Amino acid sequence: MARQIMHIDLDAFFVSVEQALNPELRGKPVVVGGKPDRRGVVASASYEARRFGLHAGMPLTTAYRLCPQAIFIEGSFSKYRDASQRFMTILADFSPYLEPLSLDEAYLDVTGFESIYGSIHQMAVALKQRIKNELGLCASIGIASCKVVAKIASELSKPDGLLEVAGGNESAFLAPLPIAKLPGVGRKTERVLGSLGIDTIGKLSITPLATLKSHFGVSGEILHRFASGIDDRIVEPPGAAKSISRETTFGKDTRDRSWLKATLRYLGERVGSELRQRGKQARCVTLKLRYADFTTITRSYTLSQASHTDQTLFDTGTKLLRKELAQGKQPVRLVGIGVSNLVEPGRQLDMLDTSAQRLEQLNRAIDRIRRKYGFTAIQTGRTLPLKDIFPSTDDGYTLHTPSLSR
Ligand code: DCP
Ligand code: CA
């Protein structure tokens, strides 16, 4: 059976939340991001402001020059988080197959739901209506047989749109569109494609696969499939089952805290690097300990904000460790750390939090160096105690349970 997937994206999200709460802002050019005399960029611009050329990412000073009459607001993240939660709750009422992508964007698998609503189109109308009534926000919805087409459809339908691409029409729908509309095609890819004379999705879809592979490696294959409207990725609810963890058993049971912490740091860095490689962030951090008598415990902590930095993993892990060791149990035989409740990173979080942004840059820089020169090329002070004890290769330390030394 052909799938039916919706991509739902709220219009001018941050600004619309402000407008829903303050009627005086409605129908006017409004910018969330900060006062125009501040360094910083536009996070969200109302559609009225976009008529003056304003858009997300534009420096506030430029925005002011183009549209001095716009109302500039600092914005407050807690309002957007609340609105986002209520938005997701409404979506979950319509289908349990919900995959949030960011604060204001989600996929919904609605295959077979036409029997309840008459048609998927009517279901989307009902969904938009509820979001309007309960949140005062406009949602744009794309409906298609796969994610990539649904996403492009919702984007094209904005604002306050609803666009359904009938099964079988995917390539015809995509063909005339500029390649920049294809998710995954950033400026750089666009430039390379442009130099090959490829400016529409249609042209991309008839470019030989080998040509794309020679320029983009494995991504070339994905580009090619997406351009042809082929995308078999499923709508994946944020799964509790999905997790990443690393653990190791010590050669000798230990109570030495600095030793335990150093090992935890190292294992956390391995987890963090995989997390970033997978392009995810985690909401939940779990510590695992096995004591000398083989009693095994796990202790979890839910972060207020999803993260993928080594620092957060380590800080949370040590907090849990300190609490657990305070109970003065026996020596420790095994230690492990894991993350779960994995989500797509919300770039919104980074935009508003410069310290998070700095940490993120630091972690990315470390990952780059490690990819180039090996995992042990960079050592944080915290793992140095391991240096004289475990043998190491470029790939990292060889722990006592080598299968877990990934
Ligand atoms: N955002 C941000 N910085 C960016 C882009 C977006 O802080 N560079 C935030 C503010 C947006 C929210 O994320 O309101 C959602 O991002 P979208 O890209 O969906 O943009 P909007 O919802 O503002 O507009 P659109 O109607 O185009 O979806
Ligand atoms: Ca949006």
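Coordinate-derived values only; no laboratory data. What you see is a predicted model; the values in this text were computed from it and never measured. With ideal geometry, Cβ positions are generated from the backbone for all residues, glycine too; neighbour counts draw on all protein chains shown.
Tell me, what are the semi-axes, in whole angstrom and largest first, of the equivalent ellipsoid of the range 164-257 as set by the roots of 5 times the Cα gyration tensor eigenvalues? Walk me through the numbers before you get to the answer.
On the way: eigenvalues 340, 74, 25 Å².
That gives 41, 19, 11 Å for the three semi-axes.
How big is the range 146-190 in terms of Cα radius of gyration and Dmax, in angstroms?
10.9, 31
Taking Rh as the Kirkwood radius computed over C-alpha pairs, what is the Stokes-Einstein D of the range 167-218 at 25 °C in a medium of viscosity 0.890 mPa s, expressed in µm² per second?
Value of D from the Cα-based Kirkwood radius: 217 µm²/s.
Computed FRET efficiency, Cβ-Cβ of residue 50 and residue 387, R0 60 Å: what is it to the nearest 0.05? Mind showing how you got there, number by number?
Details: r = 55 Å, r/R0 = 0.91.
After rounding to 0.05, the efficiency reads 0.65.
Out of all Cα-Cα pairs in the range 127-205, roughly what percent, to the nearest whole number, are more than 18 Å apart? Could you put the intermediate results ahead of the total?
Working: 1479 of 3081 pairs.
Here the tail beyond 18 Å accounts for 48 percent of pairs.
Express the Stokes-Einstein translational diffusion coefficient of the chain in µm² s⁻¹, to the nearest whole number, given a Kirkwood radius over alpha-carbon pairs, 37 °C and a viscosity of 0.692 mPa s.
Numbers: Rh = 24.0 Å.
D = 137 µm²/s.
For the range 94-137, just the Cα set please: Rg and Dmax, both in angstrom.
Values for the range 94-137 (Cα only, Rg and Dmax): 11.1, 30 Å.
Listed highest first by mean packing, meaning other Cβ atoms within 10 Å per residue, what order do 389-398, 258-267, 76-85 come in? Intermediate values should be presented prior to the final figure.
Numbers: 389-398: 13.8, 258-267: 21.5, 76-85: 15.8.
Ranking, from highest mean packing down: 258-267, 76-85, 389-398.
What is the angle, in °, between the Cα long axis of helix 310-325 and the longest principal axis of the Cα atoms in the chain? Nearest 10 is fine, range 0 to 90.
50
Can you give me the long-range amide H partners of residue 162? Hydrogens built in the peptide plane at 1.01 Å from N, cutoff under 5 Å, separation of 5 or more residues or another chain.
Close amide H contacts, sequence-distant or interchain: 141.
Once amide H atoms are placed 1.01 Å from N in the peptide plane, what residues at a sequence separation of 5 or more from residue 44, or on another chain, have their amide H within under 5 Å of its amide H?
Sorted by chain and number, the residues that satisfy this are 32.
Scattering from the C-alpha atoms of the range 1-41 alone, worked out with Debye: what is log10 I(q)/I(0) at q = 0.16, 0.24, 0.31, 0.35 1/Å?
-0.56, -0.88, -1.07, -1.16
Let me understand the range 1-87 better: what is its radius of gyration from the alpha carbons, and its Dmax, in angstrom?
Here Rg and the maximum Cα pair distance are 14.4, 55 Å.
Run the helix sum for the chain: -39,500 (n - 2.57) per DSSP H stretch of 4+ residues, divided by residue count, reported at 222 nm to the nearest 500 deg cm²/dmol.
Working: 16 runs with 169 residues, N = 406.
Helix-only estimate at 222 nm: -12500 deg cm²/dmol.
For the range 301-340 and the range 267-284, what is the separation of their C-alpha centers, rounded to whole Å?
Comparing the Cα centres of the range 301-340 and the range 267-284, I get a distance of 14 Å.
How many percent of Cα pairs in the range 28-135 exceed 23 Å? Numbers along the way, then the final one.
Details: 2596 of 5778 pairs.
Counting pairs separated by more than 23 Å, the tail of P(r) holds 45 percent.
Return the Rg/Rh value of the range 100-164, two decimal places, where both radii are evaluated on C-alpha atoms and Rh is the Kirkwood radius. Walk me through the intermediate numbers first.
Working: Rg = 11.3 Å, Rh = 12.0 Å.
Dividing the radius of gyration by the Kirkwood radius yields 0.94.
Taking the 0 to 90 degree range and rounding to the nearest ten, how far is the long axis of helix 354-373 tilted relative to the main principal axis of the chain, both from C-alpha atoms?
70
Tell me, what is the Rg over Rh of the range 183-333, with Rh the Kirkwood radius over Cα pairs? Walk me through the numbers before you get to the answer.
Values: Rg = 22.7 Å, Rh = 18.9 Å.
My calculation puts Rg/Rh at 1.20.
Between residue 181 and residue 37, what length comes free when the chain is fully extended (0.36 nm per residue of separation minus the Cα-Cα distance, one decimal in nm)? Provide the component values of the computation, followed by the final result.
On the way: separation 144, 0.36 × 144 = 51.84 nm, distance 3.27 nm.
Stretched fully, the residue 181-residue 37 segment lengthens by 48.6 nm.
Determine ³J(HN,Hα), in whole Hz, for all residues of the range 30-46 in sequence, where each value follows from phi through the Karplus function 6.51 cos²θ - 1.76 cosθ + 1.60 and θ = phi - 60°; x replaces Gly and Pro.
With coefficients 6.51, -1.76 and 1.60, one gets 10, 10, 9, x, x, 5, x, 8, 9, 5, x, 10, 5, 8, 8, 10, 5 Hz.
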